[in-house]
Amino acid sequence: MSVHVQETVKRISVPDIAGRKGGEPIVCLTAYDAPMAGLLDPHCDVLLVGDSVGMAVHGLPNTVGVTLDMMILHGQAVVRGSRRALVVVDMPFGSYEGGNEAAYANCVRVMKETGAQAVKLETSVELAEIVAFLVRRGIPVMGHVGLRPQAVLAEGGFRAKGRTDVERDRVLEEARATAEAGAFCIVIEGVAESLAREITEALDVPTIGIGASAACDGQVLVVNDMLGLFDWAPKFVRKYADLRTEIDRAAAAFANDVKTRRFPAEVETYFSKKPASP
């Protein structure tokens, strides 16, 4: 009698990622559903349930309209669909800026209801106190500095950060304050290579770049952009596939087969069983 033992896959942990500073680059992609999480999981160290889901999946113009319930729903799906990668869930706009206790309550809800290992906050000098409050209470926090999508309305659009000395000093200060507050890792978005390098060299925690050059300790992209699902993508995106074209081709072929009655064929059709012979 043989006994089948299912192989146990150990999930990458927060200390594992924190320990990658200056080592093998960290591979991160966004994921929003279980099937995609399952496909990405073998290749990624981190799966980020980004609030980019608002634009990538729900058709919103920016991330401001994303809700806590949306992030929890997608976070649950990604955790179910993955086995190996560290899963980090974005805290949406308005869910953490209102004070220590409110931020803690919302982060606890996300972690309890999704099973994710960490949360990500778009951080600043002013929000460093909230990061420290969360970390002291056992909430692993990934920071995010530079271009902060949740501030798009206040800043008048998406634009690269750190191009003036004043802005450069501000982003560097934000990164240092976030690391000192206890964040285990920091995403740097949309900054010049020299600034990304300076931040990465100045901090003891790993950095993950998105539009921030290869100077960072790892890289993240929005999976829909990387797979070529949109007709436009930011300058910093490299398209590794052209799934938009493939989906259009497949849908057109299906539509044509339906209209010409070539689908379904006999092999795809159920038939009544013949009565048994007497």
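How many residues are open to solvent by 20 Å² or more (accessible area, probe 1.4 Å) and within 16 Å of the chain's Cα centre (by Cα) if we restrict to the range 183-209?
1
Check Ala177 against each of (1) at pLDDT 95 or above; (2) in contact with an Asp or Glu (Cβ under 7 Å, 6 or more places away or on another chain); (3) assigned to a helix (DSSP H, G or I) and name the one condition it does not meet.
(2) is the only condition that Ala177 fails.
Given the structure, is Leu172 modelled with pLDDT of 95 or more, in a helix (DSSP H, G or I) and more than 24 Å from Leu86 (Cβ to Cβ)?
Spelling it out, Leu172 is indeed modelled with pLDDT of 95 or more, in a helix (DSSP H, G or I) and more than 24 Å from Leu86 (Cβ to Cβ).
Being surrounded by 10 or more Cβ atoms within 10 Å (Cβ to Cβ) and part of a helix (DSSP H, G or I) is the requirement here; does Ser213 meet it?
For Ser213, the condition - surrounded by 10 or more Cβ atoms within 10 Å (Cβ to Cβ) and part of a helix (DSSP H, G or I) - is not met.
What about Arg159, is it modelled with pLDDT under 95, closer than 20 Å to Leu221 by Cα, open to solvent by 50 Å² or more (accessible area, probe 1.4 Å) and part of a loop (DSSP other than H, G, I, E, B)?
Here the answer is yes, as Arg159 does meet what is asked.
Filter the range 181-200 down to residues that are of a type in the set (A, V, I, L, M, F, W, C) and in a helix (DSSP H, G or I) and give me whichever is farthest from Pro140 (Cα to Cα).
Only one residue tops the list, namely Leu195.
Please go through the range 60-77 and give me each residue that is closer than 22 Å to Ala34 by Cβ and open to solvent by 50 Å² or more (accessible area, probe 1.4 Å), ordered by number.
Matches in the range 60-77: Leu60, Thr67, Asp69, Leu73.
Conditions first: (1) more than 30 Å from Ala215 (Cα to Cα); (2) open to solvent by less than 20 Å² (accessible area, probe 1.4 Å). Val87 passes all but one, so which condition is the exception?
Tallying (1) more than 30 Å from Ala215 (Cα to Cα); (2) open to solvent by less than 20 Å² (accessible area, probe 1.4 Å), Val87 fails exactly one: (1).
Do you know which residues across the range 5-58 are assigned to a helix (DSSP H, G or I) and open to solvent by less than 60 Å² (accessible area, probe 1.4 Å)?
Result: Val14, Ile17, Ala18, Ala34, Met36, Ala37, Gly38, Leu40, Val53, Gly54, Ala56.
Can you name every residue in the range 239-278 that is acidic (Asp, Glu) and either open to solvent by 90 Å² or more (accessible area, probe 1.4 Å) or at pLDDT below 95 (or both)?
Those that are acidic (Asp, Glu) and either open to solvent by 90 Å² or more (accessible area, probe 1.4 Å) or at pLDDT below 95 (or both): Glu246, Asp248, Glu266, Glu268.
Determine if the range 111-119 includes at least one residue that is in a strand (DSSP E or B) and surrounded by fewer than 24 Cβ atoms within 10 Å (Cβ to Cβ).
Yes; the residues of the range 111-119 include at least one that is in a strand (DSSP E or B) and surrounded by fewer than 24 Cβ atoms within 10 Å (Cβ to Cβ).
The values are calculated or read from the model by the stated rules, or taken from the named source; none is laboratory data. Predicted model only: the values in this text are computed from it and were never measured. Methodologically, a virtual Cβ is constructed for each residue, glycine included, from the backbone with ideal geometry; neighbour enumeration extends over all protein chains shown. Note: accessible area is taken over every heavy atom of the protein model, side chains too, but ligands, DNA and RNA are not part of it. Shrake-Rupley method; radii C 1.70, N 1.55, O 1.52, S 1.80 Å.
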